[in-house]
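Working notes for the structure below.
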Amino acid sequence: MASDLEPRIADDGVQEVPLTKARALLTRLIEQAREEGLVSALTVRGRRRIYLVTPDYVRRAQLHSEVTERLRRLSDNKTFMEGLEQADPDLHYLLDTGTI
């Protein structure tokens, strides 16, 4: 029977690790992130408090954020939105409804 204090993979694919166990597992967690791309969340009383990810993961997240912000600004342009509606109706919907 697995202990509640042992790392587990949540439904979203993130490995959850109690903070009380993380120090002893830190080298392994870093290697898993670097070699396998496994994201770990350090938890306190079962709640995620911080994530352990690679620098490349952070870089990609920042890039995605910048692209999303540029798309939001472009959504004010009627001509752009009309073209987008034809080219990618799903993306048009997400921008038009403010989902992204």
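The values are calculated or read from the model by the stated rules, or taken from the named source; none is laboratory data. Just so it is clear, the structure is predicted and the values come from calculations on it, not from any experiment. All Cβ positions, glycine included, derive from the backbone under ideal geometry; neighbour counts span all protein chains shown. Just so you know, the surface numbers come from the protein's heavy atoms only, side chains and all, with ligands and any DNA or RNA stripped out. Shrake-Rupley method; radii C 1.70, N 1.55, O 1.52, S 1.80 Å.
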- [ ] Only residues that are within 23 Å of the chain's Cα centre (by Cα) and of a type in the set (A, V, I, L, M): list them for segment 65-97, please.
- [x] VAL67, LEU71, LEU91, LEU94, LEU95
TODO: Go through the residues of segment 2-19 one by one and say whether even a single one is in contact (Cβ under 8 Å) with a residue 12 or more places away in the chain, out of contact with any Pro (no Cβ under 6 Å at 6 or more places or on another chain), part of a helix (DSSP H, G or I) and open to solvent by less than 80 Å² (accessible area, probe 1.4 Å).
DONE: no
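Answer with yes or no whether ASP76 is open to solvent by 100 Å² or more (accessible area, probe 1.4 Å), more than 17 Å from LYS21 (Cα to Cα) and modelled with pLDDT under 95. Break it down stepwise before answering.
On the way: open to solvent by 100 Å² or more (accessible area, probe 1.4 Å): yes; more than 17 Å from LYS21 (Cα to Cα): yes; modelled with pLDDT under 95: yes.
The answer is yes for ASP76.
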Open item on the list: For the structure I just gave you, tell me whether ARG73 is in a helix (DSSP H, G or I), of a type in the set (D, E, K, R) and under 30 Å from THR97 (Cα atoms).
Closed with: yes
Open item on the list: As an exercise: evaluate LEU52 against (1) under 27 Å from GLN15 (Cα atoms); (2) open to solvent by less than 100 Å² (accessible area, probe 1.4 Å); (3) free of Cβ contacts under 8 Å to residues at least 12 places away in the same chain; (4) not acidic (Asp, Glu) and give the number of the one condition it does not meet.
Closed with: (3)
Task: Yes/no for THR43 being of a type in the set (S, T, N, Q), surrounded by 11 or more Cβ atoms within 10 Å (Cβ to Cβ) and touching a helix residue (DSSP H, G or I) at 6+ places or on another chain (Cβ under 7 Å) - done: yes
Task: Filter result for LEU38 (part of a loop (DSSP other than H, G, I, E, B) and buried (at least 17 other Cβ atoms within 10 Å of the Cβ)) - done: yes
Open item on the list: Looking at LEU94, LEU71, LEU29, can you tell me which residue is surrounded by 11 or more Cβ atoms within 10 Å (Cβ to Cβ) and in contact with a strand residue (DSSP E or B) (Cβ under 8 Å, 6 or more places away or on another chain)?
Closed with: LEU29
